[in-house]
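Okay, so here's the structure we're looking at.
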Amino acid sequence: RPPRSTLVPYTTLFRSGLKRWLAFGHGVGIEVVGPHGGESLRVIAVRVHPGGARVVGTRSFDDAMHHAAGVWGTEYAAFLRKHGCAHVAATVLLPRREVMVRHLALPGVSDKDLPSAIEFQMDGLHPYREEDVASSWARIPGTSSVLIAIARRAVIERFITLFGEAGIQVGAFTCSAAVIHAALRMFRTEPPLSGLLAYEATESGVEVY
């Protein structure tokens, strides 16, 4: 079975503190949006430094699934070269409909025992067969709970094939909850004291963070 990080290296997304002072370089994200079979791609390139992150370029490939992967893949490569990101592997934000996010309370379970405890309960967190699932998880800092992201392996493999045909290097797949959490904490150790409410309305419903 592929490693759990096939979906998203969650544990790297929840760290803050000293790591933000070591943050230098570029990052590339690809958001997959739109209906199944007619998805569009939104690409963003950023430059990161300890004092903040700056967007250096954006690009959209509308209805990419109905165009030759080699064509928009070539345009994507030119976009990365233009912004000094040709060496950077992208993080792909999967459509929300393709990811199940589960909150699991595990009081009294040590970090060492978390993997086996989560594995024991995994079958009850989704309706798929075990071999059809890719997942990732992380403990929510300061709590006895973990957040788990689950996607069908066929979804991951579909996009791996698609981006492979386009010549696009992918470093990880992720979900919106992890992206929002990481973005909020990249340059601060705590969320705003007044709290935060974020939401997005799509054709499939409304997601609230």
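The values are calculated or read from the model by the stated rules, or taken from the named source; none is laboratory data. Small disclaimer: the values here were computed from a predicted structure and weren't measured. Don't worry about glycine lacking a Cβ; one is built from the backbone with ideal geometry, like all the others, and counts go over all protein chains shown. Keep in mind that these areas ignore ligands, DNA and RNA; they rest on the heavy atoms of the full protein, side chains included. Shrake-Rupley method; radii C 1.70, N 1.55, O 1.52, S 1.80 Å.
Descriptive notes on the structure:
- By a 1.4 Å probe calculation restricted to protein chains, residue 79 has an accessible surface near 20 Å², given to the nearest 10.
- Label-point separation in nm, residue 71 to residue 209, each point 7 Å along Cα→Cβ: 3.4
- Per-residue surface analysis assigns residue 76 an accessible area of about 10 Å², computed on protein heavy atoms at 1.4 Å probe radius.
- Taking amide H positions as modeled 1.01 Å from N, with prolines and chain starts lacking one, the residues under 5 Å from residue 106 and 5 or more places away or on another chain are 145, 146.
- Taking all Cα pairs closer than 8 Å and separated by 6 or more residues, the relative contact order of the range 71-160 comes to 32 percent.
- Area of residue 97 that stays accessible when all protein chains are in place (1.4 Å probe, Å², to 10): 100
- If R0 is 22 Å, the Cβ-Cβ spacing of residue 183 and residue 60 corresponds to a FRET efficiency of close to 0.65.
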